[in-house]
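For reference, the structure is listed below as structure tokens.
The values are calculated or read from the model by the stated rules, or taken from the named source; none is laboratory data. Nothing here was measured: the structure is a model prediction, and the numbers come from that model. Please note: Cβ atoms are built from the backbone with ideal geometry, for glycine as well, and neighbour counts cover all protein chains shown.
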Amino acid sequence: MVLLVVIIVLCVIFDFINGFHDAANSIATIVSTKVLTPFQAVVWAAVFNFVAYYIFTDFKVADTVAKTVHKDSITLLVILSGVIAAIIWNLITWWYGIPSSSSHTLIGGFAGAAVAYNGFGSIDSGSIYKTVLFIVLAPLIGMIISIIITLIFVQKSVWVKVGILAVIMLTCFFFVPFEHSKKGMFEKYALLSLGIIFICAFLYNYFKGENAYRTANMYKKLQLVSSAALSVGHGGSDAQKVMGIIAASLVTMGHYSNVGDALSHAEWIPLTCYSAIALGTMSGGWKIVKTMGTKITKVTPLEGVCAETAGAITLFTAANLGAPVSTTHTITGSIMGVGATKRLSAVRWGVTINLIWAWILTIPVSALLAMIVYHILHLFIK
């Protein structure tokens, strides 16, 4: 029982670290474009991190993370080792300002500890393949969507912009199948609302008499909306990983029959995790903000809106598929996309390559750390 309490406490600590480690994902562009001060930005992001608690109620991502390891290979020592390794790697990458994935750190740690306990047969290959696949897909999807949105928004004719947005929005609304769930309905009407907000903003600005100052000011206001959407996606995606680990611990102890049952009945788990990640976001993470907001490419308010909107759409889509996608990878790809629309040289590809190496190494390094931690802990905990 003591070990279970230690695991839960460490999981909450990890979620808090995840919040300040990934705060840059939600606030880097809005800070670099000077729409909000750093303090205002983290408060804004934290509020919408927690709002996700009322939206993401299907727990698909949590279930995927919990199933990374086969049930008969999950022990409290395996979970404890994985969480400790994930915390270590998160703190190392935060210290050096590397925007690595907290999600993949946790999954790598969990898998590595299980391998140390029961060999490679303890890993569920399907869950790992899905995670690895989205290491590649998340930034690419974010990049493609941000390029499309940017190309629409830079159109000189307001009527062309409005027409394209209306067609895309209505096509998605009527022909894309949304789940008949609370989150599915939210996604459907959030997409509609986002499109309406953009269209109304463009038309208002047009009839008021467009000029450079007025247009820049409009995009600064729109960035509040896109940043909020990204923060909801960030909270809903990342908090679920820790929820899956805590639920797996309770299942291992025999308190519940499966992860879904644990998350449905133990309301304190999602409430605690969403609170922890929101509080973590409020604590900042300024080293990574600098990398994300200025080193990849210079971002204007218009490009900030495009990148954040693309990131939010990608996160909601991935969560709908139950894929433990990285918020870091997603928004980085989106920022690269808006930079590439200006010219390819606008993106600092040297910085990007370094980030990609961090992404590639996160799961194996976290797994190796977890193996080492497991063998050390096994000497003291039987």
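Here are Ile277, Ile269, Ile246, Ile199: which of them is closer than 24 Å to Ser32 by Cβ, hydrophobic (A, V, I, L, M, F, W, C) and either assigned to a helix (DSSP H, G or I) or in contact with a strand residue (DSSP E or B) (Cβ under 8 Å, 6 or more places away or on another chain) (or both)?
Going through Ile277, Ile269, Ile246, Ile199 in turn, the sole match is Ile277.
Every residue, every condition in (1) touching a Gly at 6+ places or on another chain (Cβ under 9 Å); (2) surrounded by 19 or more Cβ atoms within 10 Å (Cβ to Cβ), yes or no:
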site	(1), (2)
Thr93	no, yes
Gly108	yes, yes
Asn118	no, no
Ile145	yes, yes
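Could you tell me how many of the residues in region 251-266 are part of a helix (DSSP H, G or I), farther than 17 Å from Thr64 by Cβ and in contact (Cβ under 8 Å) with a residue 40 or more places away in the chain?
Within region 251-266, residues that are part of a helix (DSSP H, G or I), farther than 17 Å from Thr64 by Cβ and in contact (Cβ under 8 Å) with a residue 40 or more places away in the chain number 1.
Scan region 52-74 for residues that are of a type outside the set (S, T, N, Q), over 18 Å from the mean Cα position of the chain (by Cα) and assigned to a loop (DSSP other than H, G, I, E, B) and jot them down.
Of everything in region 52-74, those that are of a type outside the set (S, T, N, Q), over 18 Å from the mean Cα position of the chain (by Cα) and assigned to a loop (DSSP other than H, G, I, E, B) turn out to be Lys67, His70, Ile74.
Answer with yes or no whether Ala28 is under 18 Å from the mean Cα position of the chain (by Cα) and either modelled with pLDDT of 90 or more or crowded, with 18+ Cβ neighbours inside 10 Å (or both).
Here the answer is yes, as Ala28 does meet what is asked.
Look through Lys34, Lys60 and report the one residue that is of a type in the set (Lys, Arg) and closer than 18 Å to Thr330 by Cβ.
Within the list Lys34, Lys60, the selection yields Lys60.
If I go through region 100-110 residue by residue, how many of them are in contact with a Phe, Trp or Tyr (Cβ under 9 Å, 6 or more places away or on another chain), assigned to a helix (DSSP H, G or I) and either within 16 Å of Ile372 (Cβ to Cβ) or modelled with pLDDT under 85 (or both)?
Result for region 100-110: 5.
Name the residue that is nearest to Thr75 (Cα to Cα), counting only residues in region 252-280 that are crowded, with 19+ Cβ neighbours inside 10 Å and either small (Gly, Ala, Ser) or in contact with a Ser or Thr (Cβ under 7 Å, 6 or more places away or on another chain) (or both).
Selected residue: Ala262.
Would you check if Phe207 is farther than 26 Å from Ala319 by Cβ and in a helix (DSSP H, G or I)?
Yes: the conditions hold for Phe207.
May I ask you to list the residues in region 189-205 that are at pLDDT below 90 and among the aromatic types (Phe, Trp, Tyr)?
Tyr189
Please give the number of the condition Thr131 fails out of (1) under 22 Å from the mean Cα position of the chain (by Cα); (2) not in a helix (DSSP H, G or I).
Evaluating Thr131 over (1) under 22 Å from the mean Cα position of the chain (by Cα); (2) not in a helix (DSSP H, G or I) leaves (2) as the failure.
Of everything in region 53-85, what is of a type in the set (Gly, Ala, Ser), modelled with pLDDT of 90 or more and within 23 Å of Tyr274 (Cβ to Cβ)? Give them in sequence order.
Within region 53-85, just Gly82 meets the criteria.
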